[in-house]
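The values are calculated or read from the model by the stated rules, or taken from the named source; none is laboratory data. None of these values were measured; they are calculated from a predicted model. Every residue, glycine among them, receives a Cβ derived from its backbone with ideal geometry; neighbour counts consider all protein chains shown. Heavy atoms of the whole protein, side chains included, go into the accessibility calculation; ligands, DNA and RNA do not. Shrake-Rupley method; radii C 1.70, N 1.55, O 1.52, S 1.80 Å.
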Amino acid sequence: MTGQPMPFIVAERVCKSFGAHQVLRAVSTVFNTGEVTVIIGASGSGKSTLLRAINRLEPHDSGRITIDGVEVGDDLPTLQKQRSEVGMVFQQFNLFGHMCVLDNVTLAPRRIRRTPRRAANEQAIALLRRVGMHEHAHKYPWQLSGGQQQRVAIARALAMQPKVMLFDEPTSALDPEMVQEVLDVMRELAHGGMTMVVVTHEMGFAREVADRVLFFDQGCIAHDAPPDEFFNHPANDRIRAFIGRMA
Ligand code: ADP
Ligand code: MG
C-alpha cells in the first residue's frame, strides 16, 4: 500500500465476557483498507471472539467497533448492510450440504441482493474459476475434499462482493496436503488488494503475506508488528516460545 493507511475496521476498547470469564479485555486496533492482518495466539485467547464481534455474531459488552465509519450495533438494516460487506470463512466450511456448489455460491446474491439467477450463475462461475473449482460447479459438498470445500466457501463469501474478508483458522480442519491449495487462493486474494483479517497458525503465510501480525494473549493484543520484525526480532519470550511451537 502507498500513501496514508485508511482505517476500515476500528475496534476501540472492546470488552467481552462469558459469565465471569473476560475474553476480550479492552481490545483496540485498526484494520486498514487493502492490508492483510494476521492474528495469532494461543487457543482461547479471544481471536475468534473478536472476529465474531465484528460481524455481531457475538455482541460485545462495551467499547466500540466501526466498519467503514459506521458503528456495529443492533440496528438490523445497518447490520444487514454491514454483514453483506464483511465476508467470513470459518474453520468448518459450513457449506449447505443439500445444495450443489453453484447454488451454495449464488444463494446469498439471489436472496439478499435479488440478483437474477442467470447473472448470479455467471458471477459464481467466474468466482469458482478464480478458486479453481469451476469444473465442480454441479457437485455436492460431500463429493469434494476438505480443501475443495473450503475454496468453495471462499467463493461463496466473495459472491457478496465484500469489502473485507475475515478468515478464522481456514486451514485448521484440513488434511496437511490440502492446506496449500487454500493458502494459495488466499494469497491471490491478498495480491488483488483485498482487505483481510486472518486468524491462522500458518506462520509461513503470515511471514509472506501479512502486512501486520497481531499476537493475542489472554484477551489482549500483546504485540502488533510487521512480520519481519515480529518473527525476526520477537518482542518477548512468550512470543518467541509461541513461534517456536508453531514452526
Ligand atoms: P480463540 O479463537 O483465540 O481460540 P475464542 O475467542 O474462541 O478463542 O474463545 C476465548 C474464550 O472464550 C475461550 O475460553 C472460550 O472457551 C470462551 N468462549 C468462546 N465462546 C464462548 C461462548 N459462546 N460461551 C462461553 N464461553 C465462550
Ligand atoms: Mg478460534
Worksheet item: Peptides 208-214, 99-105, 5-11: what's the order by average Cβ count within 10 Å, highest mean first?
Response: 99-105, 208-214, 5-11
Worksheet item: Per 5 Å bin, what percent of the C-alpha pairs of segment 186-247 does each bin hold, from zero upward?
Response: 4, 17, 30, 27, 13, 7, 2, 0
Practice prompt. Enter the accessible area per residue of segment 100-174 (Å², integer; probe 1.4 Å; all protein chains in place).
Written response: 46 Å²
Worksheet item: For the peptides 53-61, 147-155, what is the packing order when you average, over each peptide's residues, the other Cβ atoms within 10 Å and list the highest mean first?
Response: 147-155, 53-61
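Cβ under 10 Å from V213's Cβ, V213 left aside: what net charge do those residues give with Lys, Arg +1 and Asp, Glu -1? Provide the component values of the computation, followed by the final result.
Details: positive: R207, R212; negative: D211, D224, D228, E229.
Here the charged neighbours net out to -2.
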Item to complete: Just check segment 142-188 against the gyration tensor rule for me: Cα atoms, a ≥ b ≥ c as the square roots of the eigenvalues, rounded for a/c under 1.5, and otherwise prolate or oblate depending on whether a/b exceeds b/c.
Response: prolate
Item to complete: Give me the percent of the accessible area of the chain that comes from carbon and sulfur atoms, probe 1.4 Å, all protein chains in place.
Response: 49 percent
Worksheet item: So what's the net charge close to L189: Lys and Arg +1, Asp and Glu -1, counting the other residues with Cβ under 15 Å from its Cβ?
Response: -1
Discussion item. Please compute the modelled spin-label separation between Q92 and E58, points set 7 Å along Cα→Cβ, answer in nm with one decimal.
Written reply: 1.5 nm
Worksheet item: How big is Rg to Rh over the chain, alpha-carbon atoms, Rh as the Kirkwood inverse-mean-distance radius?
Response: 0.96
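Count charges around V36 for me, please; just the other residues with Cβ under 9 Å from its Cβ, Lys/Arg as +1, Asp/Glu as -1. Mind showing how you got there, number by number?
Numbers: positive: R212; negative: E35, D211.
Around V36, the surrounding residues sum to -1.
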Worksheet item: Just the accessible area per residue of segment 177-247, please: how many Å² with a 1.4 Å probe?
Response: 47 Å²
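How big is the charge dipole of the chain about its Cα centre, in debye rounded to the nearest 20, if each Lys and Arg gets +1 on its Cβ and each Asp and Glu gets -1 on its Cβ? Each step should come with its number before you reach the end.
Details: 27 positive and 27 negative charges, 166 e Å.
The calculation lands at about 800 debye.
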Worksheet entry | Rg in Å to one decimal, and Dmax rounded to a whole Å, for segment 1-78 via C-alpha atoms | 13.1, 44
Worksheet entry | Relative contact order %, the chain, counting alpha carbon pairs below 8 Å whose residues are six or more apart | 26 percent
Worksheet item: How much length is gained on full extension from D224 to S43, taking 0.36 nm per residue of separation minus their Cα-Cα distance?
Response: 63.4 nm
Item to complete: Take the Cα coordinates of segment 105-247, assign each an equal point scatterer, and use the Debye formula without solvent to give log10 I(q)/I(0) at q = 0.11, 0.18, 0.20 Å⁻¹.
Response: -0.49, -1.05, -1.20
Discussion item. Whole-Hz ³J(HN,Hα) for each residue in segment 128-135, computed from phi via Karplus 6.51 cos²θ - 1.76 cosθ + 1.60 with θ = phi - 60°, x for glycine and proline: what do you get?
Written reply: 5, 4, 4, 9, x, 10, 5, 6
